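Undergrad: Would you mind keeping the following structure in view while I ask a few things?
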Amino acid sequence: MNLVLLGAPGSGKGTQAELISKKYGWPHISTGEIFRNIKAGKSSLAEAVKGYIDRGQLVPDSITVDIVEQRISESDCERGFLLDGFPRSIYQAEILGVSLGRRGMGIDCVLYLALSDEAIIRRLEARRVCPGCGRDYNLVTQPPKENGKCDACGTQVARRVDDNIKIIRERLDVYRKETQPLVDYYIKKKVLSEIDASKTIEEVSVSVKEFIDLKCDVHRT
């Protein structure tokens, strides 16, 4: 089963993607995580990616598409995969469709995590990340268990560079312009279902599971 998660920054895509991947065994392909790993390097690509991310801009299609195509061609994606952060435009969606079509595949299900701009801003201002291991937290919805330290490695969590209010608003503007049209695109293809992302992580997870099981005809073994 090939699944796409859509939603603005802060809508909970990463959290739900991890839960889906764990439950159904599909690899979680996060372009955000891939770019952050590249950004940590010292190559010319790393410098370019760092510039785009720190300014709240989307990484160009020429870079993003190549990286995603390479990833979904790996053997662990043969039985299905979960895309988080891609596609971000109709152009990317069309390229993805062509690429999958060459392999006799397609996108089976799309989940759209819907959340208001006000709720998104509140969440992103409270978001933190562990500089040590990269684990994500939210001081409101998913805080560290002890004194702002990472549950996994004990490193003090910190705000991400791109989570200040100016860049948050810029990212939302980019999202509404570039990514929101994908909702209509996938509605027309009759593969999209909207999920209310304002609920708790557990409540959203239940809705996600119901969608996958009922609409995508997935059966747990």
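Undergrad: Quick one: P(r) of the chain from all Cα-Cα pairs, 5 Å bins, percents rounded to integers, in order of increasing distance.
TA: Percent of Cα pairs in each bin: 1, 6, 14, 19, 21, 19, 13, 6, 2, 0, 0.
Undergrad: Going Cα to Cα from Lys50, which lysines come in below 28 Å? Please leave out same-chain ones fewer than 8 positions away.
TA: Within the straight-line cut-off, Lys50 pairs with Lys13, Lys39, Lys42, Lys149, Lys166, Lys177.
Undergrad: What are the principal axis extents of the Cα atoms in segment 39-142, in Å, biggest first?
TA: 43, 35, 26
Undergrad: Same structure again: Charges at C-beta only: +1 for Lys and Arg, -1 for Asp and Glu. How large is the resulting dipole of the chain about its Cα centre, in Debye rounded to 20? Please list the in-between numbers first.
TA: On the way: 34 positive and 32 negative charges, 69 e Å.
That gives a dipole near 340 debye.
Bear in mind that the values in this text are calculations on the coordinates, not laboratory data. The shown structure was predicted, so the numbers you read here are calculated from the model rather than taken from an experiment. Neighbour counts run over all protein chains shown; Cβ positions are idealised from the backbone, glycine included.
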